[in-house]
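Computed from the coordinates by the stated procedures, all read-outs in this text should not be read as laboratory data. All figures in this text were calculated on a predicted structure; none of them were measured in a lab. We place every Cβ from the backbone using ideal geometry, glycine too, and count neighbours over all the protein chains shown.
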Amino acid sequence: MANRIYINQQIRAREVRLVDETGQQLGVIPTAEAIKAAEEKGLDLIQVTEKVDPPVCRIGDYGKYLYQQEKKSREGKKQTGGELKEVRLTYTMSPHDMETRAKQAEKFLTKGHKVRVTLPLRGRQRSLEGYAREKAKTFLASLGEIIPIKIERDIKREPRGLSVLIAKA
């Protein structure tokens, strides 16, 4: 955690804005009184934020509070379902396989994902890049007939082949 959490005697402010364990505000009271109230309930006084004056403190179980904070930070780190999906074409792909890939890309686009279409090139295929570009353009055209698309990044040459980034229009 970036900022330290102060509890009980570690709180340096003279007065604190107190919130009890149910979330009800009890107003601004001296820190000593707030600590006493927390101890009477068998709980801790936890400084929630020091950015305001007086700082906001909550009565609650310190271990439980740490657990909730950790849970929040983990939830924030989770990905939102993999926003970018990839569809791989091949240099020698048959028209039927292209249709199948187009349907798969359509599924991703209707779910709101962006799709990166890649066409890896190996060996001699690298020298015949024009044909590969045509193959990618054909795929995009067939996909455009199924669902309206927006090309976010044009067909681009990358070290291992070609790629294009598309989204739903």
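Couple of notes before you dig in:
- Between the alpha-carbon centres of the range 114-131 and the range 1-42 there is a gap of 63 Å.
- Counting neighbouring beta carbons within 10 Å and listing from fewest to most, the residues ARG12, ARG126 come out as ARG12, ARG126.
- Here LYS41 is the anchor, and the aspartates and glutamates within straight C-alpha reach of less than 20 Å, apart from those fewer than 8 places off in the same chain, are GLU15, ASP20, GLU21, GLU33, ASP61.
- Label zone at ILE147 (point 7 Å along Cα-to-Cβ), backbone N below 15 Å, the range 107-129: 107-117
- Once both labels are positioned 7 Å from their Cα atoms along Cα-to-Cβ, the gap between MET93 and ARG14 label points is 7.2 nm.
- Ranked for footprinting exposure by Cβ neighbours inside 10 Å, fewest first, SER94, SER163 give SER94, SER163.
- Sequence-separation-based contact order of the chain, relative, with Cα cut under 8 Å and 6+ spacing, percent: 16
- Enclosing the Cα atoms of the chain in their convex hull gives a volume equal to 183 cubic angstrom per residue.
- The chain: angle of helix 31-40 to the longest principal axis, Cα-based, in degrees nearest 10: 90
- Ranked ARG124, ARG101, criterion: other C-beta atoms within 10 Å, fewest first: ARG124, ARG101
- With the gyration tensor restricted to C-alpha atoms of the range 118-169, the semi-axes of the equivalent ellipsoid amount to 22, 11, 7 Å, longest first.
- Over 20 Å (Cα to Cα) - which of LYS137/LYS168; LYS107/LYS150; LYS111/LYS137; LYS72/LYS107; LYS36/LYS72 fall in this group: LYS111/LYS137; LYS72/LYS107; LYS36/LYS72
- Largest-first ellipsoid semi-axes for the range 1-73, taking √(5λ) over the Cα gyration tensor eigenvalues, angstrom: 18, 14, 11
- Exposed loop sites here are GluC sites (Glu not before Pro) assigned a DSSP state other than H, G, I, E or B and surrounded by at most 13 other beta carbons within 10 Å; excluding them, the longest clear run of the chain is 84-169.
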